[in-house]
Amino acid sequence: MEILQAILIIALSFWMVLDQQGFVVVTWFPSIVGLIAGIIMGDIGTAMVIAGTFQLMSLGVANIGGSSVPNYGLATVIGVYVAIRTTHDLEHAKAVALAVGVPVGMLGIQLDVIAKILCTSVTHAAQKAMNAGKYAKMNRILWIGPLIFGLSTALFIIFGDKIVKLILEALPVWFINGLTIAGGLLPIVGIALLMQFMPVKKYLTFLIIGFVVSAYPNMPILEISLLGFAFAYHFFTTKMNEPTATATNGAGQVEEGDDFDE
């Protein structure tokens, strides 16, 4: 069973980076690959806690213009894989995942740069074959590109056991405890970052209602999400049924409202 899990995790890491480069069927987001990794490892609850932690860390991080950013998807996959295999305690599992996943995610920057450099040579070789009219050869060469990107993440999981064990053995207990505390604070930081981009002042009423039903009745997140959907649907249908109205300024120009005008 452990061998099958290892094979599936390697396959997931291989597909994840290919999906990121173009297909976008599964996506490389921690919350998605974490769910799949949890299904593979047989512990979805622990996997989603770890995935949620890395998802909050990745907020606002994007590889715009082809830039290389920390690979939090890879960090999630290997974090879930190692944490579930080494412990059954949720808090310790989150600390282990952070201890292993964060260095792996940062190493993913270097792997991504190396993969892009190698793929530049692949592109030139394929172009050379195309200019010579050797289209079959060109197609064979182009398959090397996805292979390089896939191996840039899969190889780390295949040969990363010794590195992971070295990291875990080298870290002192106080550092692991610190990561546990940091993992507990990350959701607060993530929510604060989200609120910076949301029209909080305009919809403060809904925010307070959501906080109350979450903090005091201890409602599960699914019920709160359904309640939020009900509020959003009511607000949307009410706005749709209102007559369209525009205002003009002194110059006779039409002014329109903006939800994000704070």
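The values are calculated or read from the model by the stated rules, or taken from the named source; none is laboratory data. Everything quoted here is computed from the prediction, not taken from an experiment. Every residue, glycine as well, gets a Cβ built from its backbone with ideal geometry; the counts of neighbours run over all protein chains shown. Areas reflect the complete protein model, heavy atoms only, side chains present, ligands, DNA and RNA absent. Shrake-Rupley method; radii C 1.70, N 1.55, O 1.52, S 1.80 Å.
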Could you state how much accessible area residue 128 has, in square angstrom rounded to the nearest 10, with a 1.4 Å probe and all protein chains kept in place?
150 Å²
Between residue 213 and residue 233, what is the label-to-label distance in nm when each label sits 7 Å out along the Cα-to-Cβ direction?
1.2 nm
Give 201/239; 202/239; 94/201 a once-over and call out the pairs whose C-alpha atoms are over 26 Å from each other.
94/201
Cα gyration tensor shape of the stretch 88-142, rounded if a/c is under 1.5, else prolate or oblate by comparing a/b with b/c:
prolate
In terms of solvent-accessible area of protein heavy atoms at a 1.4 angstrom probe, what is the ranking of 223, 2, highest value first?
2, 223
Note on the stretch 1-53: alpha-carbon gyration tensor, axes a ≥ b ≥ c; rule is a/c under 1.5 for rounded, else prolate if a/b larger than b/c, else oblate; result oblate
Expressed in square angstrom to the nearest 10, the accessible area of residue 134 with a 1.4 Å probe stands at 110 Å²
